[in-house]
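Read the structure below first, then the notes.
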Amino acid sequence: MKDINNAYIVTMKKYSYYFSFFKNIILLITMLLLVVSCEESNIRDGLRTVNFKASADRTLITEGESITYIDSSLSVTSRRWDFEGGNIDMSEEQEVEVLYNEASPSEGEGAQRRNRGFLTNLEVVHEDGSVESRSFTVSVFQKVVPQFVADNTIAVFGSSIQFVNTTEDGESAFAEAKEEDTILWEFEGGTPATSTQQDPVVTYNTPGKYPVKLTIFRNIPESTGITTVSDFIEIISEPVCDNSINLVDCGNNDGEGDSVVGWQAVLSDGTDRSFKLSVSDEQASEGDGSIKFMYNEGDMQAFTNNDILFNEVFEVTEAGNYKTTLDVYADLISTTNPDFVLILAYRNADDPLTHIQSTEAFNRQNGGAWHSLENSKNLTPGRYILQLRTWNPPWHQDLDMNLFIDNIEIVRE
């Protein structure tokens, strides 16, 4: 019994020891946790959680659209937004909507054209006096307004015309987005009638006036524009004359036309002799014809003038020397003298009955052969017509001839 009691006492002492040991361990852990907790609490109490956050719902738009800006920062005592290019310059609101009515400036040309963008800036002051800021670059693109040109807007039927798309800001801002861009040309009367090419070539086979329509869709920032130009293309049945070099090239200056419209013949007293003018295929220095004038004034006195007027008005815009050349052939019917006289001069188109004597060039030539005549005079700015004067000289008063005129040119030297 004594042994049992001793064993019991020993066992209880062991349990008491272990219990006390574990109790002390638990107490120590608890104290450590409390110390750590207090230290963390002290650390948190010494810091302020700052969350600076500014955002814009988008930064790439088309003119006429708005952007909403939001400041989600905490512990803010004051803020200031500054907006370049917007309908307002600044704001102190937490959330603000800004309208952009004009596109931001661009730099470069063509494929190198880049939108520089507008600058938006937010600056906030926190409760502890710290200051933070953020900037946004906002790209505002123009609305798509299709524009185009053509290498020729007046052409003979059967001609091909090159169109060129000159639209600015017609393509998306990113390469990936450009895959969704579209372009559509519509050519009434042309072949092809439609095209999705940037710069198509179109053929017109029927005379008339035709509109051209261009529709462009830009994916990002989204915008669609449509431009239609009525009567943009004129297709004619005859070639367009070019008087940029030869100032009288648009009239029947070589007898190749089918009429003498633009020509006039008068006596010195104003009596009309235009019925003696015609287009002839009897003589030509070049081509198939010439202008024919029949001079047969009968028993008229010597120096009876016949003024042959080529009334194709040419305009001198800059003072200088202007040279006239023409070919002339005289078929002399009378036989008393083998030559004839032709004087080249200019008249004021706004006062056609008065020739300008200082511009005269006298020519006396033999009949029966082609001659190249020339007159080079200094002209002041104004509107002129060409005068050719022939008359029966006293040594040949019975002059009777058919005069052929071809290849008139008036050019600036």
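The values are calculated or read from the model by the stated rules, or taken from the named source; none is laboratory data. Predicted model, so just to flag it, every value in this text is computed and none were measured. Counting neighbours? That spans all protein chains shown, and the Cβs are built from the backbone with ideal geometry, glycine included. Note: areas computed on protein heavy atoms with side chains; ligands, DNA, RNA excluded. Shrake-Rupley method; radii C 1.70, N 1.55, O 1.52, S 1.80 Å.
In the stretch 198-227, which residues are open to solvent by 80 Å² or more (accessible area, probe 1.4 Å) and assigned to a strand (DSSP E or B)?
Answer for the stretch 198-227, where residues must be open to solvent by 80 Å² or more (accessible area, probe 1.4 Å) and assigned to a strand (DSSP E or B): Lys209, Thr224, Ile226.
Does the stretch 247-272 hold any residues that are of a type outside the set (A, V, I, L, M, F, W, C) and either touching a Gly at 6+ places or on another chain (Cβ under 7 Å) or open to solvent by less than 40 Å² (accessible area, probe 1.4 Å) (or both), and which are they?
Gly251, Asn252, Asn253, Asp254, Gly255, Glu256, Gly257, Gly262
Looking at Val96 and the list (1) over 29 Å from Ile216 (Cβ atoms); (2) in contact (Cβ under 8 Å) with a residue 40 or more places away in the chain; (3) in a strand (DSSP E or B), which single condition is not satisfied?
Checking Val96 against (1) over 29 Å from Ile216 (Cβ atoms); (2) in contact (Cβ under 8 Å) with a residue 40 or more places away in the chain; (3) in a strand (DSSP E or B), the one that fails is (2).
Quick check on Asp231: is it in contact with an Asp or Glu (Cβ under 6 Å, 6 or more places away or on another chain), at pLDDT 90 or above and of a type in the set (Asp, Glu)?
When the stated conditions are applied, Asp231 does not pass them.
Only one residue in Asp249, Asp258, Asp299, Asp269 is within 17 Å of Tyr384 (Cβ to Cβ) and of a type outside the set (S, T, N, Q). Which one?
Just a single option satisfies the conditions, and that option is Asp249.
Which one of Ser244, Ser230 is assigned to a loop (DSSP other than H, G, I, E, B) and either of a type in the set (Lys, Arg) or exposed (fewer than 13 other Cβ atoms within 10 Å of the Cβ) (or both)?
Of the residues listed, the single one that is assigned to a loop (DSSP other than H, G, I, E, B) and either of a type in the set (Lys, Arg) or exposed (fewer than 13 other Cβ atoms within 10 Å of the Cβ) (or both) is Ser244.
Just a yes or no: is a residue in the stretch 134-154 farther than 30 Å from Leu214 by Cα, within 38 Å of the chain's Cα centre (by Cα) and open to solvent by less than 60 Å² (accessible area, probe 1.4 Å)?
Yes, because at least one residue in the stretch 134-154 is farther than 30 Å from Leu214 by Cα, within 38 Å of the chain's Cα centre (by Cα) and open to solvent by less than 60 Å² (accessible area, probe 1.4 Å).
Among the residues of the stretch 163-204, which ones are more than 17 Å from the chain's Cα centre (by Cα), closer than 25 Å to Thr153 by Cβ and among the polar types (S, T, N, Q)?
Passing the criteria: Thr191, Thr194, Ser195, Thr196, Gln197, Thr203.
Kindly indicate the residue of the stretch 99-111 that is part of a strand (DSSP E or B) and at pLDDT 95 or above and also farthest from Gln198 (Cα to Cα) among those meeting that condition.
Leu99
Among the candidates Asp89, Asp71, single out the residue that is at pLDDT 95 or above, within 14 Å of Glu132 (Cα to Cα) and more than 30 Å from the chain's Cα centre (by Cα).
Exactly one residue qualifies, and that residue is Asp71.
Of the residues Ile183, Ile154, which is of a type in the set (Val, Ile, Thr), within 30 Å of Ile236 (Cα to Cα) and free of Cβ contacts under 8 Å to residues at least 60 places away in the same chain?
The match here is Ile183.
Go through (1) touching a residue at least 60 places away in the same chain (Cβ under 8 Å); (2) assigned to a loop (DSSP other than H, G, I, E, B) for Gly170 and report which single condition fails.
Result: Gly170 fails condition (1) only.
Which pairs turn up if I take residues in the stretch 129-151 that are among the charged types (D, E, K, R) and look for partners that are part of a loop (DSSP other than H, G, I, E, B) with beta carbon separation below 6 Å, at least 6 apart in sequence or on another chain?
If the second residue must be part of a loop (DSSP other than H, G, I, E, B), the pairs left are Glu132/Phe52; Lys143/Glu63.
Given the condition open to solvent by 70 Å² or more (accessible area, probe 1.4 Å), of a type in the set (S, T, N, Q), in contact with a Leu (Cβ under 8 Å, 6 or more places away or on another chain) and not in a loop (DSSP other than H, G, I, E, B), answer yes or no: does some residue in the stretch 112-119 qualify?
no
Condition first: in a loop (DSSP other than H, G, I, E, B) and free of Cβ contacts under 8 Å to residues at least 12 places away in the same chain. Now tell me which residues in the stretch 250-280 satisfy that.
Within the stretch 250-280, Val261, Asp269, Thr271 qualify.
Select from the stretch 384-407 the residues that are open to solvent by 10 Å² or more (accessible area, probe 1.4 Å) and assigned to a strand (DSSP E or B) and list them in ascending order.
Of everything in the stretch 384-407, those that are open to solvent by 10 Å² or more (accessible area, probe 1.4 Å) and assigned to a strand (DSSP E or B) turn out to be Tyr384, Arg389, Trp391, Asp400, Asn402, Asn407.
I'd like the residue in the stretch 51-63 that is more than 30 Å from Gln142 (Cβ to Cβ) and open to solvent by 60 Å² or more (accessible area, probe 1.4 Å) and, out of all such residues, is modelled with the highest pLDDT.
Result: Lys53.
Restricting to the stretch 329-371, name every residue that is open to solvent by 30 Å² or more (accessible area, probe 1.4 Å) and of a type in the set (Ser, Thr, Tyr).
Tyr329, Thr335, Thr336, Thr354, Ser358
Among the residues in the stretch 321-328, are any basic (Lys, Arg) and buried (at least 16 other Cβ atoms within 10 Å of the Cβ)?
no
Scanning the stretch 295-320 for residues that are surrounded by 12 or more Cβ atoms within 10 Å (Cβ to Cβ) and hydroxyl-bearing (Ser, Thr, Tyr), which turns out nearest to Val411 (Cα to Cα)?
Tyr295
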